[in-house]
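Below: one structure, written as C-alpha cells.
The values are calculated or read from the model by the stated rules, or taken from the named source; none is laboratory data. Everything quoted here is computed from the prediction, not taken from an experiment. FYI the Cβ positions are ideal-geometry reconstructions off the backbone, even for glycines, and counts take in every protein chain you see.
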Amino acid sequence: MYEEANEDFKLAFKEFQNDITTKYFIRSNMGINLRLIGKYEESADMLRQAVELQPSRPGAYNNLGLTCIEMGEVNEAIAHFEKAIKFDTSAAIYYNNLGLAFFNNCQYKDAVIQFDTAKKINLEKDVPYEDPTIAFNLANVYLTQKKFFEALESYQEAIMIHDMNPKYWHHKGIVYEAMIKDLEE
C-alpha cells in the first residue's frame, strides 16, 4: 500500500512542478510515507526538500525530527523539533516529540519539561490530551529515573484517557514489578 502511495507521489511531482505549496505537501507527505516503511534516508531527503521549499512551515521540521530519531540522529532531531516550535508554539505534538528526543538522548529533566509543556498546551485548549501518548511518554521518563509514584500517576492518566490500550496497563504493571525489585536490592 505504501509503495503504491509512493508511485502516486512521483506522478504528482510531475503534475505540479510549478506550484511550490503543492510541491511542499507532496514532498512532506512522501517523506512521512517513506519513514513509515522504514526508508529513513529517503524520508529525510524528501523532508529536507520540503523544508527548503517552505522553511517557515513547522510540519516538515517535526516530521524530519521523527525521521532523525529513527536514524539515531537525536541531536539533529532536537534541532528540528525546536525549529518546529519556533514557528508554532501552540502545537503540543511538537513539544511531545521534542520530549521524546530528549528522552532518547538521556536528557530526562529536559524531556519532563517538554512533556509537561505539551500537557499544559492541551489543557489550555480545553482538551485533556490529543491522545494519551504524552502521559505515557512522561511515565516512561519517570520509570527510567525510578520515580515510581510519578510513573504510576502518569500511566494512570494514559489509562484514563484510553483504557482499552493494553500497553498502558502493561507498563503500569512494570512499575509495580520495578518497585518490588528496587525494594529487594
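Regarding region 92-115, can at least one residue be identified that is more than 28 Å from Lys147 (Cα to Cα) and either surrounded by fewer than 19 Cβ atoms within 10 Å (Cβ to Cβ) or without any contact (Cβ under 8 Å) to a residue 60 or more places away in the chain (or both)?
As a first pass, look at region 92-115 and keep what is more than 28 Å from Lys147 (Cα to Cα): none.
No, region 92-115 contains no residue that is more than 28 Å from Lys147 (Cα to Cα) and either surrounded by fewer than 19 Cβ atoms within 10 Å (Cβ to Cβ) or without any contact (Cβ under 8 Å) to a residue 60 or more places away in the chain (or both).
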**OP:** Mind checking which helices (runs of 4 or more DSSP H) fall wholly inside region 87-185 and carry at least 1 residues that are closer than 22 Å to Ala60 by Cβ and either out of contact with any helix residue (DSSP H, G or I) (no Cβ under 6 Å at 6 or more places or on another chain) or of a type in the set (A, V, I, L, M) (or both)?
**Re:** 92-104, 108-124, 133-144
**OP:** Taking the residues in region 54-64 that are surrounded by 18 or more Cβ atoms within 10 Å (Cβ to Cβ) and out of contact with any Asp or Glu (no Cβ under 8 Å at 6 or more places or on another chain) as candidates, determine which candidate is farthest from Phe102 (Cα to Cα).
**Re:** Arg57
Original post:
Of all residues in region 70-85, how many are within 12 Å of Gly59 (Cα to Cα) and either of a type in the set (S, T, N, Q) or in contact (Cβ under 8 Å) with a residue 24 or more places away in the chain (or both)?
Top reply: 3
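Filter region 29-64 down to the residues that are of a type in the set (Ser, Thr, Tyr) and out of contact with any Cys (no Cβ under 9 Å at 6 or more places or on another chain), then identify the one that is farthest from Asp88 (Cα to Cα).
Here is the first cut: in region 29-64, the ones of a type in the set (Ser, Thr, Tyr) are 40, 43, 56, 61.
So of that shortlist, the ones also out of contact with any Cys (no Cβ under 9 Å at 6 or more places or on another chain) come out as 43, 56, 61.
Details: Ser43: 22, Ser56: 10, Tyr61: 11 Å.
Here the residue is Ser43.
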Original post:
Quick one: is Lys167 out of contact with any Ser or Thr (no Cβ under 7 Å at 6 or more places or on another chain), among the basic types (Lys, Arg), without any contact (Cβ under 8 Å) to a residue 12 or more places away in the chain and outside the structural domain of Arg48 (by TED's automatic domain parsing)?
Top reply: no
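Could you please let me know if Ser56 is under 17 Å from Phe87 (Cα atoms), more than 19 Å from the chain's Cα centre (by Cα) and of a type in the set (Gly, Ala, Ser)?
On the way: under 17 Å from Phe87 (Cα atoms): yes; more than 19 Å from the chain's Cα centre (by Cα): yes; of a type in the set (Gly, Ala, Ser): yes.
For Ser56, the condition - under 17 Å from Phe87 (Cα atoms), more than 19 Å from the chain's Cα centre (by Cα) and of a type in the set (Gly, Ala, Ser) - is met.
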Subject >> Qualifying positions in region 104-157 - charged (D, E, K, R) and either under 18 Å from Phe81 (Cα atoms) or at pLDDT below 95 (or both) >> reply: Lys109, Asp110, Asp116, Lys119, Lys120, Glu124, Lys125, Asp126, Glu130, Asp131, Glu157
Original post:
Which of the residues that make up region 129-185 are among the basic types (Lys, Arg) and buried (at least 17 other Cβ atoms within 10 Å of the Cβ)?
Top reply: Lys147, Lys172
